[in-house]
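A.B. asks: Pasting in a structure now, in structure tokens, and then I'll have a few things to ask.
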Amino acid sequence: MSEDNMKMPKFSEIEYSRPSVDKFRECAMSTRLKLMAARDADVVENAIMGFQREMSAFDTAYTLCMIRHDLDTSDPFWNDEMEFFDENYPIISDLSAGVYTALLHSEIREELEERFGPMIFRKTQNQREIVSSEVLDDLAEESTLETEYSQILSEADILFKGKHQTISTMTPYLESTDREVRKKAHKAVSDYFAGQKEKFDEIYDNMVRIRTQIAKKLGFSDFVELGYKRMERYDYDPEKVKVFRDNVVKYIVPITSEIRRLQKNRLDVEKLFYYDLPCLFVHGNPTPNIPQEEYFSKGSKMFGKMFSKDPSFFQVLGEHDFMDLFSRQNKATGGYCASLLDYGIPYILMNANHTADDIATLVHESGHAYAALRSIDSSQFIECLSPTLEACEIHSTAMEYLTYPYMEMFFGEAADAYRQQHMTLALLFLPYGCLVDEFQHVVYSNPDMTPAERHTAWRELEKKYQPDIDYDGDEFYELGGAWMKKEHIFTSPFYYIDYCLAQVCALQIWSISRRNRKKAMTIYEHLCAAGGTKTLIDLVESAGLESPFSLDVMKKLAYQVCDYLDL
Ligand code: ZN
């Protein structure tokens with residue numbers, strides 16, 4: 001794309017038409033037949049590449065539809081189109097599974113593995129193990145429960161300061177520099193969740209039951225095993241993850257206690273209660289010193305300098321409207337980067353509202369976008385263009401660290417405060433992420449626990465990972481209710497540790513960049529360019545980083561971060 005800007009379309013010029021499921025079915029069927037009969041690798045390659053084009057077209061239409069829908073969620077046209085994809089994507093997945101199964105059973109499989117690389121075969125095998133026609137109804141029930149939880153949460157109506165608030169609009173009050181305000185805000189949120197406790201317990205209980213049932217039907221001993229397969233963990237297991245969590249308890253938790261002690265001194269309070277935790281600085285968190293309208297020009301300049309390329313990828317994307325940065329009415333919340341495969345162009349959507357988080361999100365999503373551009377030719381298979389989710393999060397999280405030296409452009413004199421805050425939050429996150437992860441291991445290894453037992457288990461784990469938390473007698477939290485606020489626990493089982501693993505890899509890149517910027521950039525480029533052609537550990541090690549499961553790595557990082565934060 002950057003080589004030939006003339007040909008790059010503007011986002012608005014990309015035409016959308018609803019793809020035909022029949023045409024896709026026809027292509028899938030004929031590809032499957034060809035694969036079953038072929039004895040010649042060239043014939044197989046031709047057939048599978050034809051099918052890849054069909055898949056890419058379908059996926060591009062879906063992504064285009066999702067983005068345009070998210071840019072104006074009130075537009076009935078895109079709502080209808082999204083419904084079409086919701087209904088038909090399972091059919092498409094089923095049809096492609098049929099095609100890949102034929103690839104797996106090909107008589108010349110060895111020759112094909114040689115030609116295509118092992119990854120597509122591993123992915124296909126994995127996919128076959130996690131679904132079967134026997135569990136389709138259960139999967140539908142699982143997804144209904146997920147929607148029910150998310151729906152209730154998104155409709156949360158919290159009356160605060162005489163106004164109706166949502167969970168997300170409560171955030172500034174939860175972080176308020178006025179202690180009374182944040183105390184009341186936290187109480188309001190806790191009251192909301194206490195009111196939903198029974199309902200959420202019932203939903204989660206049903207989720208644990210149905211997920212366990214799916215796992216058993218598929219031949220797994222429990223949902224932990226299936227959960228790992230769903231997350232495509234090819235080179236690590238629950239034992240390794242346990243070692244990772246133990247390392248965090250040993251080397252990171254003590255640092256977080258020190259961070260909290262210093263925070264208590266800074267805020268000048270006798271005791272730090274749970275409602276004080278989000279307020280790190282007496283005068284509040286640092287905010288950008290430039291108007292939002294300048295994010296794009298500053299970002300363009302920063303990435304131009306960083307990659308010695310003018311115009312930068314960021315500038316080219318923006319000039320062709322492949323980003324929408326600011327919050328407004330009728331725009332979907334949150335932030336993401338999604339790729340339009342047919343064009344090889346990523347799109348960045350986020351909701352800037354002039355807070356420090358804007359800049360962290362901007363560079364995070366740009367990291368995903370950069371990786372998408374770098375890996376465009378890494379595989380013939382669209383399934384292998386991006387790696388598994390932990391590895392994708394290294395691209396984005398490492399970018400947050402690699403842009404540290406440029407933060408003066410966005411924060412002026414407050415850049416140091418921004419970097420300190422960013423690193424502090426990264427560190428505080430690690431034990432929390434492990435807590436969320438271990439809780440899920442406990443729950444799915446013991447599917448017959450009662451809801452009350454689950455709450456007790458959470459509270460016990462909290463004491464291990466967040467020993468400094470004091471709930472000031474709040475009954476809902478004291479009884480172990482805080483996990484109910486974490487959407488991932490309900491809707492994306494076992495996803496959470498991915499952020500922690502990525503964080504430890506990204507911190508290694510940060511640490512190298514302090515001593516040798518060029519080397520850190522080379523590692524980053526290598527990681528991005530490899531796309532999804534390898535598994536997590538292979539990717540990380542081939543880029544020159546150490547496995548995030550290594551005890552040495554955790555020790556070294558703990559030491560360096562303490563030095564950086566003056567702890
Ligand atoms: Zn991300």
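The values are calculated or read from the model by the stated rules, or taken from the named source; none is laboratory data. Fair warning: this is a prediction, and the values are worked out from it, not measured in the lab. A quick note on method: Cβ atoms are made from the backbone with ideal geometry, for glycine too, and the neighbour counts reach across all protein chains shown. In case anyone asks, the SASA skips ligands and DNA or RNA and just uses the protein heavy atoms, side chains included. Shrake-Rupley method; radii C 1.70, N 1.55, O 1.52, S 1.80 Å.
A.B. asks: Could you size up the charge dipole of region 11-131 around its Cα centre, putting +1 on the beta carbon of Lys and Arg and -1 on that of Asp and Glu, and report it in debye to the nearest 20? Could you put the intermediate results ahead of the total?
C.D. replies: Working: 13 positive and 24 negative charges, 107 e Å.
Roughly 520 debye for region 11-131.
A.B. asks: Something else about it: Per 0.36 nm of contour for each residue apart, how much would the distance between residue 110 and residue 529 grow if the chain were fully extended, relative to their Cα-Cα spacing?
C.D. replies: My answer for the length gained is 148.2 nm.
A.B. asks: While we're here: Determine the calculated [θ] at 222 nm for the chain from helices alone, applying -39500 (n - 2.57) to every DSSP H run no shorter than 4 residues and normalising by the residue count; nearest 500 deg cm²/dmol.
C.D. replies: On the way: 24 runs with 360 residues, N = 567.
Helices in the chain give a 222 nm mean residue ellipticity of -21000 deg cm²/dmol.
A.B. asks: Here's another thing I want to ask about it. When the Cα atoms of the chain are enclosed in a convex hull and the volume is divided per residue, what value in Å³ results? Kindly include the intermediate steps, with their values, before the conclusion.
C.D. replies: Details: hull volume 88.3 nm³, N = 567.
Residue-normalised Cα hull volume stands at 156 Å³.
A.B. asks: Moving on. Take every DSSP beta bridge whose two residues both sit in the chain, then give the antiparallel share in percent to the nearest 5. Walk me through the intermediate numbers first.
C.D. replies: Working: 8 of 11 bridges.
Close to 75 percent.
A.B. asks: So, in Å, what gap is there between the alpha-carbon centers of region 490-539 and region 349-402?
C.D. replies: Answer, in whole Å: 11.
A.B. asks: To continue, here is another question. From the backbone phi of region 261-276, what are the Karplus-calculated ³J(HN,Hα) couplings (6.51 cos²θ - 1.76 cosθ + 1.60, θ = phi - 60°) in whole Hz, Gly and Pro given as x?
C.D. replies: 5, 5, 4, 4, 5, 4, 6, 6, 10, 5, 9, 8, 9, 4, 7, 8
A.B. asks: Which of 231, 503, 269 sits farthest toward the positive end of the charge dipole of the chain, with +1 on the Cβ of Lys and Arg and -1 on the Cβ of Asp and Glu?
C.D. replies: 269
A.B. asks: Using +1 at the Cβ of each Lys and Arg and -1 at the Cβ of each Asp and Glu in region 11-131, identify which of 108, 121, 92 lies farthest towards the dipole's positive end.
C.D. replies: Towards the positive end, the residue furthest out is 108.
A.B. asks: Suppose the chain between residue 93 and residue 517 were pulled fully straight at 0.36 nm per residue; how much longer would it get relative to their current alpha carbon spacing? Provide the component values of the computation, followed by the final result.
C.D. replies: Details: separation 424, 0.36 × 424 = 152.64 nm, distance 4.26 nm.
Full-extension gain reported as 148.4 nm.
A.B. asks: Please list the three semi-axes, largest first and in whole Å, of the ellipsoid equivalent to region 221-345, using sqrt of 5 times the eigenvalues of its alpha carbon gyration tensor. Mind dumping the intermediate values first?
C.D. replies: Numbers: eigenvalues 255, 181, 53 Å².
For region 221-345, the semi-axes come out at 36, 30, 16 Å.
A.B. asks: From the phi angles alone, apply the Karplus equation (6.51, -1.76, 1.60; θ = phi - 60°) to region 221-229 and give each ³J(HN,Hα) in whole Hz, x where the residue is Gly or Pro.
C.D. replies: 6, 7, 6, 4, 4, 5, x, 5, 5
A.B. asks: Which value, in Å², gives the accessible area per residue of region 405-536 when a 1.4 Å probe is used on the protein heavy atoms? The partial results should precede the final answer.
C.D. replies: Numbers: 4580 Å² over 132 residues.
Solvent-accessible surface per residue comes out at 35 Å².
A.B. asks: What residue among 30, 168, 200 has its Cα farthest toward the positive end of the dipole of the chain, where the charges are +1 on Lys, Arg and -1 on Asp, Glu, each on the Cβ?
C.D. replies: The Cα lying farthest towards the positive end belongs to 168.
A.B. asks: Ranked from highest to lowest mean number of other Cβ atoms within 10 Å per residue, what is the order of the peptides 7-18, 283-294, 360-371? Could you put the intermediate results ahead of the total?
C.D. replies: On the way: 7-18: 12.0, 283-294: 15.0, 360-371: 25.0.
Going by the mean number of other Cβ atoms within 10 Å, highest first, we get 360-371, 283-294, 7-18.
A.B. asks: What do you get when you divide the Cα radius of gyration of region 123-278 by 2.2 N^0.38 Å, with N the number of residues?
C.D. replies: Numbers: Rg = 21.1 Å, N = 156, 2.2 N^0.38 = 15.0 Å.
Ratio of Cα Rg to 2.2 N^0.38 Å: 1.41.
A.B. asks: Still on this structure: Give the Kirkwood hydrodynamic radius (Å, one decimal) of region 11-131, defined as one over the mean of 1/r across all pairs of different Cα atoms. It would help to have the intermediate numbers written out before the result.
C.D. replies: Working: mean 1/r = 0.0634 Å⁻¹.
Taking the inverse mean of 1/r over all distinct Cα pairs, region 11-131 comes out at 15.8 Å.
A.B. asks: Could you tell me which trypsin sites (Lys or Arg not before Pro) in region 495-567 are loop residues by DSSP with no more than 10 other beta carbons within 10 angstrom of their beta carbon? It would help to have the intermediate numbers written out before the result.
C.D. replies: Numbers: sites: 514, 515, 517, 518, 519, 534, 555, 556; in loops: 534.
Loop-located and lightly packed - none at all.
A.B. asks: Taking a label point 7 Å from the Cα of residue 565 along the Cα→Cβ vector, which residues of region 258-295 have an amide N closer than 11 Å to it?
C.D. replies: Answer for this model: 258-263.
A.B. asks: Probe radius 1.4 Å, ligands and nucleic acids ignored: give me the carbon and sulfur share of the accessible area of the chain as a rounded percent. Mind showing how you got there, number by number?
C.D. replies: Details: 12510 of 25200 Å².
Carbon plus sulfur share of accessible area: 50 percent.
A.B. asks: Rolling a 1.4 angstrom probe over the protein heavy atoms, how many square angstrom per residue are accessible across region 11-131?
C.D. replies: Value returned for region 11-131: 52 Å² of accessible area per residue.
A.B. asks: On to the next question. Could you pull the Cα extents of region 294-440 along its three principal axes, largest to smallest, in whole Å?
C.D. replies: Rounded to whole Å, the extents work out to 42, 40, 36 Å.
A.B. asks: Between residue 345 and residues 5 or more places away or on another chain, which pairs have amide H atoms under 5 Å apart, with H built 1.01 Å from N, and which residues are they?
C.D. replies: 340
A.B. asks: A further question follows. Taking the solvent-accessible surface of protein heavy atoms with a 1.4 Å probe, what is the per residue accessible area of region 208-284 in Å²?
C.D. replies: On the way: 3500 Å² over 77 residues.
With the other protein chains kept in place, region 208-284 gives 45 Å² per residue.
A.B. asks: Residue by residue through region 375-391, what is 3J(HN,Hα) from phi via Karplus (6.51 cos²θ - 1.76 cosθ + 1.60, θ = phi - 60°)? Round to whole Hz and write x for glycine and proline.
C.D. replies: Once rounded to whole Hz, the list reads 9, 4, 9, 6, 8, 6, 9, 5, 5, 9, 6, 10, x, 5, 5, 4, 5.
A.B. asks: Let me ask something else about it. Looking at region 212-306, which trypsin sites (Lys or Arg not before Pro) are DSSP coil and have at most 12 other C-beta atoms within 10 Å of their C-beta? Don't skip to the end; give the middle numbers.
C.D. replies: Numbers: sites: 216, 217, 229, 230, 233, 240, 242, 245, 250, 260, 261, 264, 266, 271, 298, 301, 305; in loops: 233, 271.
Counting only loop positions with at most 12 other Cβ atoms within 10 Å, the trypsin sites (Lys or Arg not before Pro) in region 212-306 are 271.
A.B. asks: Okay, next question. Quick one: net charge of residue 181's neighbours, Cβ under 13 Å, K/R +1, D/E -1? Working shown, then result.
C.D. replies: On the way: positive: 161, 179, 182, 183, 184, 187; negative: 175, 178, 180, 276.
Local charge sum for residue 181: +2.
A.B. asks: Still on this model: For residue 380 and residue 198 in the same chain, what is the full-extension length gain: residue separation times 0.36 nm, less their Cα-Cα distance, in nm? Spell out each step's value before the answer.
C.D. replies: Numbers: separation 182, 0.36 × 182 = 65.52 nm, distance 4.91 nm.
Separation in residues times 0.36 nm, less the Cα-Cα distance, equals 60.6 nm.
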